[in-house]
1. Could you grab the pairs with beta carbons closer than 6 Å, sequence gap of 6+ or different chains, first residue in the stretch 21-33 and closer than 13 Å to HIS58 by Cβ, second one open to solvent by 50 Å² or more (accessible area, probe 1.4 Å) and among the charged types (D, E, K, R)?
2. Can you tell me how many residues within the stretch 53-75 are in a loop (DSSP other than H, G, I, E, B), touching a helix residue (DSSP H, G or I) at 6+ places or on another chain (Cβ under 7 Å), open to solvent by 20 Å² or more (accessible area, probe 1.4 Å) and within 19 Å of VAL26 (Cβ to Cβ)?
3. Consider only pairs whose beta carbons are under 8 Å apart and that are at least six residues apart or on different chains; among these, list those whose first residue lies in the stretch 183-197 and is β-branched (Val, Ile, Thr) and whose second residue is part of a loop (DSSP other than H, G, I, E, B).
4. Every residue in the stretch 223-233 that is among the charged types (D, E, K, R), over 11 Å from LEU169 (Cα atoms) and touching a residue at least 12 places away in the same chain (Cβ under 8 Å), please.
5. Please go through the stretch 22-52 and give me each residue that is open to solvent by 60 Å² or more (accessible area, probe 1.4 Å) and either among the polar types (S, T, N, Q) or more than 27 Å from the chain's Cα centre (by Cα) (or both), ordered by number.
6. Within the stretch 86-107, track down each residue that is outside any helix (DSSP H, G or I) and either open to solvent by less than 30 Å² (accessible area, probe 1.4 Å) or of a type outside the set (A, V, I, L, M, F, W, C) (or both).
7. Condition first: in contact with a strand residue (DSSP E or B) (Cβ under 6 Å, 6 or more places away or on another chain), loosely packed, with under 12 Cβ neighbours inside 10 Å and at pLDDT 90 or above. Can you find one or more residues in the stretch 196-217 that meet it?
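The values are calculated or read from the model by the stated rules, or taken from the named source; none is laboratory data. This one's a predicted model, so the numbers in the text were calculated from it and none came from an experiment. All Cβ positions, even for glycine, are placed from backbone atoms using ideal geometry, and neighbour counts span all protein chains on display. Accessible surface areas use protein heavy atoms only, side chains included; no ligands, DNA or RNA. Shrake-Rupley method; radii C 1.70, N 1.55, O 1.52, S 1.80 Å.
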Amino acid sequence: MPKSRSPSAKIMAKRIFIIGGGRFGVHLATRLSELGSEVVIGDSVPGRVKDLADDGFHTIEMDASDEDALRESGALDADVVAVAIGDNMQGSILASLLLKQLGAKRVVARAYDSKHAQVLERLGVDEVILPSREVAHRLAERLHEGEMGARHPLFGDYILAEIRLGNALDGQTLAEAQLPKHHSVTAVLLKRYVGDKEELEEARSDTRLAAGVDLLVVGERKKVGRFERECGVPAQPPERKP
């Protein structure tokens, strides 16, 4: 496992406590360590705790459904607690509930399915992750990017997207288009093509839109997709073989 970098004088390493030392939790811990975070993994399986410690992780054996164990583990002092419990939905829900009740600074939880996600959201979990959905969305965006515009994940469900405009907004200024009001997206940059050269223009209220230019917008994934369908270049249907 890569060693954590020492925090600099300007940027202090985040302290992340991960509950659950399964595959997802280990991948998360490994990447966080590479990024310089201080990471602790808590798990209830003694053998797994030992194996992870042998691999260089900072681990602690604990039962996340026990209030005293959570207090003693140091999880409540972390900047973020990530509940990465695998298929044990009950254990995940109980750990998340206790963390919120005990005043954890920020709780992020992995959900097993959409129903699990709904329960976690109702408990007040700060961020709920559905890994299968996230992976599917990112793959869809990568495949889509080859035909249309690029997609870049930002935070949570927000993305930066490059949309080639169709005729719907042709000739309107950004002030007239009122994208936040009508489409729930915010324009950031406009990309025009002059010959083989790209020219970037800051999105201002008096910026005039035109069919065929690329508009970079920020918004929630679903709303960006709807904006593209309503205002982007229409997608060409696949050719049918005779």
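1. Sorted first by the residue in the stretch 21-33, then by its partner, the pairs are GLY21/ARG48.
2. Total satisfying the criteria: 1.
3. VAL188/ALA203
4. The answer is LYS223, ARG226, GLU228.
5. SER44, VAL45, PRO46, ARG48, LYS50, ASP51
6. GLY86, ASP87, ASN88, GLY103, ALA104, LYS105, ARG106, VAL107
7. Within the stretch 196-217, one or more residues are in contact with a strand residue (DSSP E or B) (Cβ under 6 Å, 6 or more places away or on another chain), loosely packed, with under 12 Cβ neighbours inside 10 Å and at pLDDT 90 or above.
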